[in-house]
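Asks: One structure, as C-alpha cells, below. Some questions next.
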Amino acid sequence: MRAAELFVRCLENEGVEYIFGIPGEENLDLMDALIDSPIHFITVRHEQGAAFMADVYGRLTGRPGVCLGTLGPGATNLITGVADANLDRAPVVAIAGQGSTHRLHKESHQIVDLVNLFAPISKYATSVREPEVIPEVVRKAFKEATLEKPGASFIELPENIAAAEVAELAPLRVQNPRTPWPPEDRLAEVAALIAQAERPMVLAGNGVIRAQ
C-alpha cells in the first residue's frame, strides 16, 4: 500500500469526519487516498478559511479539526488559523504537503521550512521522513492536540514519502488522555475551607469551563 493510504487509515482511526483544505500537487497522493475513504473533504477558497473551520470544529466538538494545505504559500496560509486555535486552546491537526526530501536541501521551488514555522504556534510539529512512522506520528499529533491544554499539531508530509510503498501497518490504538486529578483528601480539605469561609472566592481556569 502507499504511505498516503496508511495516513488516511490513521485519520479514520482517529475518528476524523471532515478535512478542510485545498488540493495541490504535493498532496495529490493524500487526496487520491481520500476518494475511497468515509472522510469528507471540504474544499475551501483559501487555506486560512480551512484552518479557521478546523478551529471552530475543534471548539464545538472537543475533537481535533483537520485542515490541509500544500507546500510553501499554501501551508503558510494555514498559520493564522492554526495560531488562533493554539492560543484559544481548540484542538486542531494541520497537515501540509511538502516537496520531495531529495530537494529539501537546496533552493528549490516553494520549499519552506514548515516545521520551524509551525513550531512556535503549535504543541507538536514534525515532518514524516519515513513512511513506517506514520501511525506513531498521527497518533501523537492527535494526542497532543487533545491533551490538556488542547491546541494545535502540525504534520508535514513530503510528496515522495506519501507516494512510497509501505508494508501493511495498523494504526495505533486511540487512548483518550487522562486529566490529572487531585487526591480525595485534598479535595475534602479544600471543600471544608470554602465552606468555612465568610466570603469565598473561586478562581477557575479555562480548563474548568471546557470541562463544564
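The values are calculated or read from the model by the stated rules, or taken from the named source; none is laboratory data. Because the structure is a prediction, the values reported are computed rather than measured. Cβ coordinates were reconstructed from backbone atoms using ideal geometry, including for glycine residues, and neighbour counts include every protein chain displayed. Ligands, DNA and RNA are stripped out before the accessible areas are found, and what is left, the full protein with its side chains, is counted by its heavy atoms. Shrake-Rupley method; radii C 1.70, N 1.55, O 1.52, S 1.80 Å.
Asks: List every residue pair whose Cβ atoms sit under 7 Å apart, with the two residues 6 or more apart in sequence or on different chains, where the first one lies in segment 1-29 and is surrounded by fewer than 18 Cβ atoms within 10 Å (Cβ to Cβ) and the second, anywhere, is assigned to a helix (DSSP H, G or I) and aromatic (Phe, Trp, Tyr).
Replies: Qualifying pairs under 7 Å: 18/57.
Asks: Can you tell me which residue is nearest to residue 211 (Cα to Cα) among those in segment 129-186 that are part of a helix (DSSP H, G or I), in contact (Cβ under 8 Å) with a residue 12 or more places away in the chain and open to solvent by 70 Å² or more (accessible area, probe 1.4 Å)? Step through it out loud before you land on a result.
Replies: Within segment 129-186, the subset part of a helix (DSSP H, G or I) is 131-146, 159-163, 184-186.
Now restrict to residues that are in contact (Cβ under 8 Å) with a residue 12 or more places away in the chain: 131-132, 134-146, 159-163.
Filter once more, so that each one left must be open to solvent by 70 Å² or more (accessible area, probe 1.4 Å): 132, 136, 140, 143.
Details: 132: 36, 136: 28, 140: 22, 143: 17 Å.
The selected residue is 143.
Asks: Name the helices (runs of 4 or more DSSP H) wholly inside segment 1-106 in which the number of residues that are out of contact with any His (no Cβ under 6 Å at 6 or more places or on another chain), closer than 22 Å to residue 120 by Cβ and not charged (D, E, K, R) is 2 or more.
Replies: Details: elements: 3-13, 28-34, 47-61, 73-76, 79-87.
Per the criteria, 47-61, 73-76, 79-87.
Asks: Then there's this: Write out, first by first residue and then by second, each pair whose Cβ atoms fall under 8 Å of each other, whose residues are 6+ apart or on separate chains, and whose first residue, in segment 59-73, is over 17 Å from residue 29 (Cβ atoms) while the second is β-branched (Val, Ile, Thr) and surrounded by fewer than 24 Cβ atoms within 10 Å (Cβ to Cβ).
Replies: Once the first residue is over 17 Å from residue 29 (Cβ atoms) and sits in segment 59-73, its partners that are β-branched (Val, Ile, Thr) and surrounded by fewer than 24 Cβ atoms within 10 Å (Cβ to Cβ) give 62/146; 63/146; 64/16; 64/146; 65/56; 72/111; 72/112.
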